[in-house]
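Structure first, then comments.
The values are calculated or read from the model by the stated rules, or taken from the named source; none is laboratory data. Just so we're clear, the structure is a prediction, and the values are computed from it rather than from any experiment. Here the Cβ positions follow ideal geometry from the backbone for every residue, glycine too, while neighbour counts run over all protein chains shown.
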Amino acid sequence: MSTPPAPRGAWTGDVRALLALEWRRERRAPQVLPTMVLFSIGVFVLFRFGLQDGRVDGPLAAGVLLVTTLLAALLGIGRLWAAEEDEGGLDAFRLTPASASALVAAKALALWSFLLVLHLVAVPAFAFLLLRDGLDVGALPTVAGALVLCDLGIAVTGALVGSIAAAARSRELLVPLMAVPLLIPLIALASEALSPVLTSPQDVVEGRWWTALALYDGVFLLVSWAVSDGIVED
């Protein structure tokens, strides 16, 4: 039985409280961030020694960075929802008056923040280990903007997929099977937005890719908002 919609102020308070809980869990027993950071650095090291000249630029550089981000995010999605199911948090949440959409929104914000922190470490490591001519300081705003939009899309889609797979026995298998097909267009769009600034010399950045990224994020934000209550309650 679904709970009635909460007032906006109460909903926002629920999201903030749940987001704070996610960060308290991570500070008390770090699992998500260390796993994502170590995985990403490990992948960059593998590419550094696996590629013929150990350096990339342009579309290949964007692809390496974004696919690594996607795979690291899949690890984070599984761990975020595993805590709810393994510790009985999801059953306890269903007994509260909080909206289920608040839980999904908090998970999305938590994953988004984890991905942003990941990139504070991963992008310098990527530039040092793999980027052919390093990362120009003037390109940082463009790289940061593309990654913020990409991370938002991954976080929203991942929170939705995680809520669907949370109660399944084969959660670790379902999350990548559902998330990867949904995120392929996002990774392709983000790669097109990032490639020009990772090319030497830099190409002109086309605004249409940024618009498409923002539209993708908006669509999945609306979808998550519309269906999250029914998914979590069931």
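Couple of notes before you dig in:
- Applying the criterion of being aromatic (Phe, Trp, Tyr) and under 30 Å from Ile164 (Cα atoms) to the residues of the stretch 32-87, the residue that is surrounded by the most Cβ atoms within 10 Å (Cβ to Cβ) is Trp81.
- Exclusive hit being of a type in the set (Val, Ile, Thr) and in contact (Cβ under 8 Å) with a residue 60 or more places away in the chain, set Val156, Val143: Val156
- Boolean, Asp91 is part of a loop (DSSP other than H, G, I, E, B) and modelled with pLDDT under 90: no
- The set of residues in the stretch 113-126 being surrounded by fewer than 19 Cβ atoms within 10 Å (Cβ to Cβ) and closer than 17 Å to Thr68 by Cβ consists of Leu116, Val117, Leu120, Val121, Pro124, Ala125.
- The set of residues in the stretch 141-169 that are among the charged types (D, E, K, R) and either touching a helix residue (DSSP H, G or I) at 6+ places or on another chain (Cβ under 6 Å) or surrounded by 16 or more Cβ atoms within 10 Å (Cβ to Cβ) (or both) contains only Asp151.
- For Pro30, the conditions (1) in contact (Cβ under 8 Å) with a residue 12 or more places away in the chain; (2) outside any helix (DSSP H, G or I); (3) within 20 Å of the chain's Cα centre (by Cα) are fulfilled apart from (1).
- Gly138 passes every criterion in (1) over 11 Å from the mean Cα position of the chain (by Cα); (2) surrounded by 23 or more Cβ atoms within 10 Å (Cβ to Cβ) apart from (2).
- Every pair of residues 6+ apart whose Cβ atoms lie under 7 Å, when the first sits in the stretch 171-185 and is under 17 Å from Asp151 (Cα atoms) while the second is at pLDDT 90 or above and not hydrophobic (A, V, I, L, M, F, W, C): Ala179/Thr157; Ala179/Gly158; Leu182/Thr157; Leu183/Thr157; Pro185/Tyr216
- Matching option when the condition is buried (at least 23 other Cβ atoms within 10 Å of the Cβ), farther than 16 Å from Leu75 by Cα and modelled with pLDDT of 90 or more, among Leu189, Leu183, Leu198: Leu189
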